[in-house]
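The values are calculated or read from the model by the stated rules, or taken from the named source; none is laboratory data. What you see is a predicted model; the values in this text were computed from it and never measured. All Cβ positions, even for glycine, are placed from backbone atoms using ideal geometry, and neighbour counts span all protein chains on display. Accessible surface areas use protein heavy atoms only, side chains included; no ligands, DNA or RNA. Shrake-Rupley method; radii C 1.70, N 1.55, O 1.52, S 1.80 Å.
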Amino acid sequence: MSRQPEYVWMGGDYIRWQDAKVHVASECAMRGANVFEGIRGYLDAPGTRLMFFRLPDHLDRFFNSMKLMRMQPPYARATYVEAIAGCTAQNGFAEDVYVRLTTYFGLGKNYGYLPDEVEIDSAVIVSPRGRPEGLPQGIHCMTSTWLRISDRAMPPRIKAGANYQNSRLAFVEARINGYDGALLLNADGRVAEGPGACLFIVRAGTLITPPVTAGILESITRATVLELATRELGIPTAIRDVDRTEVYLADEAFFCGTAQEITPIISLDRYAVGSGEPGAITRSVQQFFFQIVRGERPAYSHWLTPVPAKVAV
Ligand code: PMP
């Protein structure tokens, strides 16, 4: 987090950052029992309004994660939207921001699992956030020695905090070994995704991405890229299993996700991807994506939920 907000939303109210606490014996602290969403808010081109990208889609996934974890949603969808707008306004943010929504289990009866015997609440954190490292120049990745978790044991489709221990192992391993990031394979040995982003490769002019059954999060940015490629950029797309060696041979590769936006991958396991520099298709996807999120493509304004910047609540 680049800058700490003064206020967060928790227990249905705006409270100071230092007061936003959970008990050490809570299920979320003890066992990572939470689901969450990460959403970006972008300042529009004139710099007057913040617009949250595909907010209803993020809320859909948030509620799907709660459903799969058998969490009774503590608040209505509209309440989360109000809390995002309220946190933005309370903190006076008029710059690009990143939202964390979370629903978490609190204290339970005898450390039990049953949802009706455990406290539940949600929190909203909005904080300033700029571009990810590696966005213009690209990143060097390694194939993780850790496998991606699977739908059979710990479904990656659920955006659960505990799933990110798998991401943590892979990412830290990559950094310790001198890489910028990791790529995880699934139990079938096919490419799954990165610790916090989905993968696209370009082979013979086609944009290729693994299917949602490959052990990935159902990424909203991935769906966005697929739609843009087909409708706007005239680039053929394919959703199919991807072998590790295909990434080595790809002309281009990139990660896509809310935090990583469109981050080029310029090598994997020290095999240069294509020329070893971000490719033309990656650049055109990046360009179109940023035009959309800044409100410069009116045809996609339905993907943007504006919140007036610097408004008092
Ligand atoms: N995979 C994982 C594991 C992620 O954490 C994320 C980030 N939410 C993504 C993919 C990309 O998803 P989205 O485009 O919806 O942010």
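A few comments on the model shown:
- In a fully extended conformation the segment linking R240 and A272 would gain 9.3 nm over its present Cα-Cα distance, using 0.36 nm per residue.
- Accessible-area value, K159, 1.4 Å probe, nucleic acids and ligands omitted, Å²: 20
- Contact order normalised by residue count of the chain, Cα under 8 Å, 6+ apart, percent: 21
- If you take the Cα centroid of segment 208-234 and the Cα centroid of segment 187-206, the two points sit 11 Å apart.
- Carbon plus sulfur fraction of accessible area for segment 99-219, probe 1.4 Å, in percent: 55
- Sorting M10, M30, M51 by accessible area puts them as M30, M10, M51; the probe is 1.4 Å, largest comes first, and only protein heavy atoms count.
- The chain: angle of helix 280-293 to the longest principal axis, Cα-based, in degrees nearest 10: 30
- Spatial separation of Cα centroids for segment 88-135 and segment 263-286, in angstrom: 33
- Choice from V81, V191, V24 with maximal GNM fluctuation in the chain (Cα, 10 Å cutoff): V24
- Rounded to the nearest 10 degrees, the inclination of helix 55-68 to the longest alpha-carbon principal axis of the chain is 70 degrees.
- With the simple model of a label 7 Å out from the Cα in the direction of the Cβ, E133 to T213 spans 3.8 nm.
- Residue-normalised accessible area of segment 7-128, expressed per residue, 1.4 Å probe, Å²: 46
- Relative contact order for segment 139-293, counting Cα pairs under 8 Å that sit 6 or more residues apart, in percent: 24
- Placed amide H near F93: partners under 5 Å, 5+ positions off or other chain: K310
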